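J.: Quick one: the structure is below, and I'll ask about it shortly.
The values are calculated or read from the model by the stated rules, or taken from the named source; none is laboratory data. Not measured: the values here are computed from a predicted model. Every residue, glycine as well, gets a Cβ built from its backbone with ideal geometry; the counts of neighbours run over all protein chains shown.
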Amino acid sequence: MQTTGLVAASTLLALNYKCSSTKSRPNILWITAEDISHDLGCYGDPVAQTPNIDKLASKGVRYTNAYSVSGVCAPSRSALISGMYPVSIGTHHMRTKTHDFPGLPKPYHAVVPPYVKGYPEYLRAAGYYCTNRKKTDYQIGNPISIWDECSNKAHWRNRAPGQPFFAVINFNITHESKIRTPLNKKAITDPSKIKIPPYYPDTPIVRNDWARYYDNIATMDTQVGELLKQLEDDGLAENTIVFFYGDHGRGLPRAKRWIYDSGIKVPLIICFPDMRNAGVVNDNLVSFVDFGPTVLSIAGVKVPEHIQGQPFLGSQKKAPRKYIYAARDRMDERYDMIRAVRDKKFKYIRNFQPEKPYAQEIPYMEKMPTMQEMRRLHKEGKLHGSEKLYFRETKPVEELYDCLIDPHEVSNLAENPKYKDKLERMRVELKKWMDDINDMGFIPETEMVEKMWPGGKQPVTAKPNIEIDGKKKIFKISCDTEGASIVYTTEDGENPHWLLYSEPVKLKNKYSIRAKAIRYGYKHSEEAATNFILG
């Protein structure tokens, strides 16, 4: 089957976007902070030092019910880039590009259905300049077609004059690893002022990790302030919609990697340049799968029908959600399978491998001083009450929490007769969702990957075909690999700017055309090239 990539507005707009429809489109800036929960001043945290984010919230809308689809990075970012639930496209295991397992290639990239595209491709086809600084971690490799720029230096300033931009800036100072490294770093935040969740032992080591976490949040806030000043200095603040959000919950035990609210509930602030709804607090349920289609809706780009997320802003806005969903599967070296559904009040969790304990050892996680402290105290029999929950030998098959009364999710109501109807309703809703999206969690990873990479070898995208039509003065590019995205350039050199191909492109008198193709999860194709001079 031949494809010419996306069926959308011509990529020639990337060079010649002076049409009024493109000029009127807003710029969009995504600011992503790694591994943070609602531990910000604007969310009512008295310890957090976040004046820049708090100011942004005062000018925008603060969402109180925004959720990742997973408690960890790679599946979450897969959902962000695709608008699809990871468990429905084979990107649900953490991670695909590391760790050694019998029967699995190392690394592997998930081969997703051919219709799945990163939403920036649709923006690029509509004339946007799309940049990412720099984290990808999408589980599908790093397709050359998604971004105009993807590097530590990627910036909206590198676009052509007047071109609308979509830019992602990722801050990793709040990442789990930054809490524990270096171990001898002295905390600035006063540890005694921090309110520790009841599932942690209240010890100096635990408090010190939390204090360092707050220190990192303060540093991140300063970085956010510097970035927003760049936007103002460039005269772009008046036409740029700013998103600020966390990529999943805080990087501490029983938060990151888990689908309790501590692992999936994230801050989300959206600020429009006209100050619409400034200071408003919105409690609508929002999922990561909704972010991409919402950006398309705001930008005036049609949301593809296959996308599972739903826009919550813009011309294609849908009715508010009744539920959000989350999943936990393999985490690094340890397999598990947990699913969750949540409404505004209750969360239902289904443990499909209840025979496995919560506290499986994951080497990367074990480096955190809090984790070491918890294991030491457990071994010595010094944990009490909720502190012991994490170390049960098995998990209950079902968990049900009233998240308004019990925000830390430590009081399981699943066996309480009073909540029988609620339990049944949430159980049915979770099963319906899993069926609707064709949840792949029941397929062994080795079997799934064999279908993606037969014989353990990565498939290769076919070399694109370039066709010159001298009479119509256009060139066309196609690829025999179903679902392949195509990029092209007329530049020479090793690192040209690759433009996204979506439909025939007008020729100039003299051209040297180079093209590549990529099906997500496949290897990039060989480069095709041709030269011509119009008569």
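J.: Is it true that some residue in region 245-255 is surrounded by fewer than 20 Cβ atoms within 10 Å (Cβ to Cβ) and either free of Cβ contacts under 8 Å to residues at least 60 places away in the same chain or over 15 Å from Trp30 (Cα atoms) (or both)?
T.: No.
J.: Within region 145-199, restricting attention to residues that are aromatic (Phe, Trp, Tyr), touching a residue at least 40 places away in the same chain (Cβ under 8 Å) and outside any strand (DSSP E or B), which residue is farthest from Met368 (Cα to Cα)?
T.: Within region 145-199, the match that is farthest from Met368 (Cα to Cα) is Trp156.
J.: Picking from Ile468, Ile486, which residue would you name as being in a strand (DSSP E or B) and within 30 Å of Leu104 (Cα to Cα)?
T.: Exactly one of Ile468, Ile486 is in a strand (DSSP E or B) and within 30 Å of Leu104 (Cα to Cα), namely Ile486.
J.: Here is a follow-up. Given the conditions (1) surrounded by fewer than 16 Cβ atoms within 10 Å (Cβ to Cβ); (2) under 20 Å from Ile144 (Cα atoms); (3) not small (Gly, Ala, Ser), report the number of the one that Ile533 does not fulfil.
T.: For Ile533, the failing item is (2).
J.: Go through region 209-240 and report how many residues are farther than 19 Å from Thr50 by Cα and surrounded by 21 or more Cβ atoms within 10 Å (Cβ to Cβ).
T.: 1
J.: Conditions first: (1) surrounded by 18 or more Cβ atoms within 10 Å (Cβ to Cβ); (2) modelled with pLDDT of 95 or more. Asp45 passes all but one, so which condition is the exception?
T.: Just one mismatch for Asp45, condition (1).
J.: Within the group Glu380, Glu333, which residue is modelled with pLDDT under 95 and either within 30 Å of Asn284 (Cβ to Cβ) or exposed (fewer than 15 other Cβ atoms within 10 Å of the Cβ) (or both)?
T.: Just one listed residue meets the conditions, Glu333.
J.: Within region 388-421, how many residues turn out to be in contact (Cβ under 8 Å) with a residue 40 or more places away in the chain and either of a type in the set (S, T, N, Q) or assigned by TED's automatic domain parsing to the domain that holds Tyr67 (or both)?
T.: The total comes to 1.
J.: A follow-up question, please. Are any residues in region 515-530 assigned to a strand (DSSP E or B), buried (at least 19 other Cβ atoms within 10 Å of the Cβ) and not aliphatic (A, V, I, L, M), and if so, which ones?
T.: Matches in region 515-530: Lys516 only.
J.: Taking into account only those residues within region 389-406 that are buried (at least 16 other Cβ atoms within 10 Å of the Cβ) and assigned to a helix (DSSP H, G or I), which is farthest from the chain's Cα centre (by Cα)?
T.: The qualifying residue farthest from the chain's Cα centre (by Cα) is Leu389.
J.: So is Val341 of a type in the set (Val, Ile, Thr) and more than 16 Å from Trp258 (Cα to Cα) or not?
T.: no
J.: I would also like to ask the following. Examine region 155-162 for a residue that is buried (at least 20 other Cβ atoms within 10 Å of the Cβ), hydrophobic (A, V, I, L, M, F, W, C) and over 26 Å from the mean Cα position of the chain (by Cα), and state whether such a residue exists.
T.: No - not one qualifying residue is present in region 155-162.
J.: Evaluate the following for Gly493: is it in the same structural domain as Glu467 (by TED's automatic domain parsing), assigned to a loop (DSSP other than H, G, I, E, B) and exposed (fewer than 14 other Cβ atoms within 10 Å of the Cβ)?
T.: Considered against the rule, which asks whether it is in the same structural domain as Glu467 (by TED's automatic domain parsing), assigned to a loop (DSSP other than H, G, I, E, B) and exposed (fewer than 14 other Cβ atoms within 10 Å of the Cβ), Gly493 comes out as yes.
J.: Could you tell me whether any residue of region 365-376 is surrounded by 18 or more Cβ atoms within 10 Å (Cβ to Cβ), assigned to a helix (DSSP H, G or I), modelled with pLDDT of 95 or more and hydroxyl-bearing (Ser, Thr, Tyr)?
T.: Checking region 365-376: at least one residue is surrounded by 18 or more Cβ atoms within 10 Å (Cβ to Cβ), assigned to a helix (DSSP H, G or I), modelled with pLDDT of 95 or more and hydroxyl-bearing (Ser, Thr, Tyr).
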